[in-house]
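Following: one structure in structure tokens, then a few remarks.
The values are calculated or read from the model by the stated rules, or taken from the named source; none is laboratory data. Predicted model only: the values in this text are computed from it and were never measured. Every residue, glycine among them, receives a Cβ derived from its backbone with ideal geometry; neighbour counts consider all protein chains shown. Only protein heavy atoms, including side chains, enter the accessible area calculation; ligands, DNA and RNA are left aside. Shrake-Rupley method; radii C 1.70, N 1.55, O 1.52, S 1.80 Å.
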Amino acid sequence: MLFFINSRINPGVTNDQVIAHLERDIDKDEWELIKKGLIQHWFFKVDDPPGVIALVNCDSIDEVRELVNSAPAVKEGLLTFDIDPVNRFPQFD
């Protein structure tokens, strides 16, 4: 099942803090999620506010929540994520 996740900056966190975090090397656990195909597309939001959007492939919304809550930016209190289930338009199947 596909999910679109979109980050939001937590209150009290500055844009500079988020940008500094996102410009670091990819965490080894995040890289494993990419290699396994759970994170299919991952983008850096370049406008104000900065952040992350991604398309993830998980079995359930609970699995997505677990994935999101394990992200370093979430653990560090920088970002939270909105999670939306998505699918292709039926015309493209």
May I ask you to list the lysines whose Cα is less than 18 Å away from that of LYS28, ignoring any residue fewer than eight positions away on the same chain?
-> LYS36, LYS75
Quick one: among VAL13, VAL56, VAL74, which has the greatest mean-square fluctuation in a GNM of the chain with alpha-carbon springs under 10 angstrom?
-> VAL13
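Could you give the size of the charge dipole of the chain about its Cα centre, using +1 on the Cβ of each K and R and -1 on the Cβ of each D and E, expressed in debye and rounded to the nearest 20?
Details: 9 positive and 17 negative charges, 17 e Å.
It works out to roughly 80 debye.
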Among LYS28, LYS75, LYS45, determine the one that fluctuates most according to a GNM of the chain built with springs between C-alpha atoms less than 10 Å apart.
-> LYS28
Per 10 Å bin, what is the whole-percent P(r) computed from every C-alpha pair distance within the stretch 7-93?
-> 15, 49, 28, 7, 1
Once the whole set of protein chains is in place, how much accessible area is left on SER60, using a 1.4 Å probe, in Å² to the nearest 10?
-> 40 Å²
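Report the gain in length on full extension from HIS41 to ASP27: 0.36 nm times residue separation, minus Cα-Cα distance, nm rounded to one decimal. All intermediate terms of the calculation are to be shown ahead of the outcome.
Details: separation 14, 0.36 × 14 = 5.04 nm, distance 1.60 nm.
Extra length from HIS41 to ASP27 when fully extended: 3.4 nm.
Count charges around CYS58 for me, please; just the other residues with Cβ under 11 Å from its Cβ, Lys/Arg as +1, Asp/Glu as -1. Each step should come with its number before you reach the end.
Working: positive: LYS36, ARG65; negative: ASP59, ASP62, GLU63, GLU66.
Charge balance in the 11 Å sphere: -2.
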At a probe radius of 1.4 Å, what is the per-residue accessible area of ILE53, in Å² to the nearest 10?
-> 40 Å²
